[in-house]
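> My structure is below; once you've seen it, I'll send some questions.
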Amino acid sequence: MTMADVDWVLKNGRVVTEQGIIEGGLAVSGERIVAIGMNQGLPSATREVDAGGCWVIPGGVDTHVHIHYDAPVFRGDFGTETRAALLGGTTTVTEFAHGGEPGLLKSFAKKKGAAEELAVSDYSFHAVLRAEHDLEDIPAILDKGVLSVKAMLADPNGIRPIMSGLLMELFRMVGERDGLIVVHAENEEIHDYRRRLYKAQNKSGPIYHALSRPVLSEGEAIARSILFAREYGVRLHIFHLSSAMGIELIAEAQERGLPVTAETCPHFLLFTQDDIAGEFGPFLQVNPPIKMAEDRAAMWQALQDGVVEAVVSDHYAPLKEEKAKGWENIWEVEGGVPGIEARMPVLWQRGVMEGKLSPEQFVDLTATNPAKICGLYPRKGALRVGGDADIAIWDEEKTWTIGVDTLHETADWTPYAGIEVHGYPTKVFLRGRLVAQDGELLASKGSGAFIPRQS
């Protein structure tokens with residue numbers, strides 16, 4: 001390979017690849033990685049990037065984000081939130097195209113258009129089944145590179161859940177097309193009954209939201225989803241797993257050889273219901289709710305064992321004023337926490353720096369596995385020859401404290417405030433271009449690209 005064949009090389013890094021850690025670097029031509037190896041084995045180039053001994057990892061892949069580009073109250077858009085993603089080390093995000101009205105295809109076109117105008121990271125979409133007539137659009141939406149369809153088994157924030165008859169037909173259709181079913185797994189009947197009971201008893205403090213959605217609610221919905229997936233031979237992915245019971249059910253399905261995967265989120269790895277009853281209150285109101293200390297411990301173990309294969313943000317960011325209403329009445333508050341930028345730093349600190357995860361496991365959880373599960377690999381999620389040159393230089397010597405003043409999300413609060421992190425993405429590259437450096441965005445509006453997904 002000659003000098004003219006390579007645009008630039010990166011050297012002097014600890015490069016985390018699927019085969020292990022390489023002391024060296026990589027070479028980039030156009031948008032793709034063309035070589036990986038020790039410094040002396042790399043091709044020459046007129047431009048060199050010195051990693052200075054830092055970790056070199058793939059750009060993060062966050063396959064579960066909610067960007068409220070048309071919300072009544074401005075909570076960010078594809079420009080602001082993908083900016084935050086890049087500055088946190090994430091280069092590809094997956095958002096949602098909802099069915100119902102105006103329909104899946106029109107919703108997808110509208111969302112994709114908004115992203116094309118504003119996004120600075122790359123992006124893809126999940127479809128969300130909202131009504132029976134959405135079934136008509138599923139073949140066409142899958143053909144457009146939207147690999148997965150989400151089924152809501154419970155109401156998270158005013159979204160009507162899917163009943164079992166329609167759920168069966170969805171699993172059948174997606175299975176026949178080798179697609180992926182992604183599930184918000186909670187039992188709506190349990191939730192609805194307990195919510196009405198607590199309201200009748202005038203119980204409206206923050207903890208009652210969590211108590212209205214118990215562990216059994218998640219467990220039953222996961223068990224039902226696994227049963228349907230087995231019947232129709234469809235790949236199943238469980239969103240935002242929160243409980244030890246759920247982990248056990250998923251592990252059993254995996255042991256039987258069923259194609260079942262799961263993700264969790266940083267808030268399930270850091271907090272418990274004691275934090276809801278204490279200082280955080282409504283700011284930790286999420287769906288499914290945060291559980292107990294034993295569930296948190298089980299989740300870390302499941303990450304280490306490979307049962308839970310991805311850590312995503314589930315970024316959903318009502319403003320501070322909106323969340324604070326829950327101190328008086330939790331039933332008036334939308335669930336959700338911001339996390340699109342903090343996801344990778346938080347997991348690095350609490351996972352790698354505290355000895356729970358290796359750097360390789362960190363990369364698997366934040367990039368490689370999400371990309372594989374959701375059909376973005378091998379283009380995304382790994383430092384590999386032929387893959388996109390989505391790269392983060394991660395400096396573990398850089399110490400900083402998470403807070404509203406150090407993050408770039410639109411949300412004016414963060415549950416991770418005060419966490420000191422030893423690690424920061426000092427340079428981030430997207431398809432070979434330097435898009436962020438030392439907390440400064442270098443990408444232009446609309447420079448992100450839609451990434452069709454493949455089964």
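The numbers here are math on the coordinates, done by the rules we state, and not lab data. All values reported here derive from a predicted model rather than from experimental measurement. When we count neighbours, we look across all protein chains shown, and the Cβ atoms used for this are built from the backbone with ideal geometry, even at glycine.
> Quick check on my link table: of K111/K356; K203/K291; K203/K356, which ones sit more than 30 Å apart, alpha carbon to alpha carbon?
Table pairs above 30 Å Cα-Cα are K111/K356; K203/K356.
> Starting from the amide H of V146, placed 1.01 Å from N in the peptide plane, find each other amide H under 5 Å away whose residue is 5 or more places distant or on another chain.
Those qualifying (amide H under 5 Å, at least 5 residues apart or on another chain) are R453.
> Would you mind checking the tilt of helix 244-255 against the longest principal axis of the Cα atoms of the chain, expressed as 0 to 90 degrees and rounded to 10?
The two axes meet at around 60 degrees.
> Modelled label-to-label distance, F450 and Q40, 7 Å Cα→beta-carbon offset: nm?
Inter-label distance under the simple model: 4.9 nm.
> Right, something else. For the stretch 264-270, take each phi angle, set θ = phi - 60°, evaluate the Karplus expression 6.51 cos²θ - 1.76 cosθ + 1.60, and give the result in whole Hz per residue in order, putting x for glycine and proline.
For the stretch 264-270, the Karplus curve yields 9, 10, x, 5, 7, 8, 10 Hz.
> Can you list residues whose amide H is under 5 Å from A35's amide H, if they're 5+ apart or on another chain and H is modeled 1.01 Å from N?
Those qualifying (amide H under 5 Å, at least 5 residues apart or on another chain) are A27.
> Taking only Cα atoms, what is the 0 to 90° angle, nearest 10, from helix 293-305's long axis to the longest principal axis of the chain?
40
> Using amide H atoms built in the peptide plane, which far-off residues or other-chain residues are under 5 Å from T261 H to H?
Residues meeting the amide H criterion: L236, H237, I238.
> Further question on the same structure: Quick one: of the DSSP bridges fully inside the chain, what percent are antiparallel, nearest 5?
Within the chain, antiparallel bridges account for around 50 percent of the total.
> Provide the per-residue ³J(HN,Hα) series for the stretch 6-19, in order, calculated from phi with Karplus coefficients 6.51, -1.76, 1.60 and θ = phi - 60°, each as a whole number of Hz, with x at glycine and proline positions.
Residue by residue, the stretch 6-19 yields 10, 7, 7, 10, 10, 10, 6, x, 9, 8, 8, 10, 5, 8 Hz.
> Compute the angle between helix 215-232 and the longest alpha-carbon principal axis of the chain, please, reported from 0 to 90 degrees and rounded to the nearest 10.
Compared with the principal axis, the helix lies near 70 degrees.
> Using Cβ counts within 10 Å as a stand-in for footprinting exposure, how do C374, C265, C54 rank, fewest first?
By the 10 Å Cβ count, ascending, the order reads C54, C265, C374.
> Right, something else. Counting only helical runs of four or more DSSP H residues, what would the 222 nm mean residue ellipticity of the chain come to if each run contributes -39,500 (n - 2.57) and the total is spread over all its residues?
-8500 deg cm²/dmol
> I would also like to ask the following. Among the lysines, select those whose C-alpha is under 21 Å from the C-alpha of K372, and discard any that sit fewer than 8 residues away in the same chain.
K144, K150, K380
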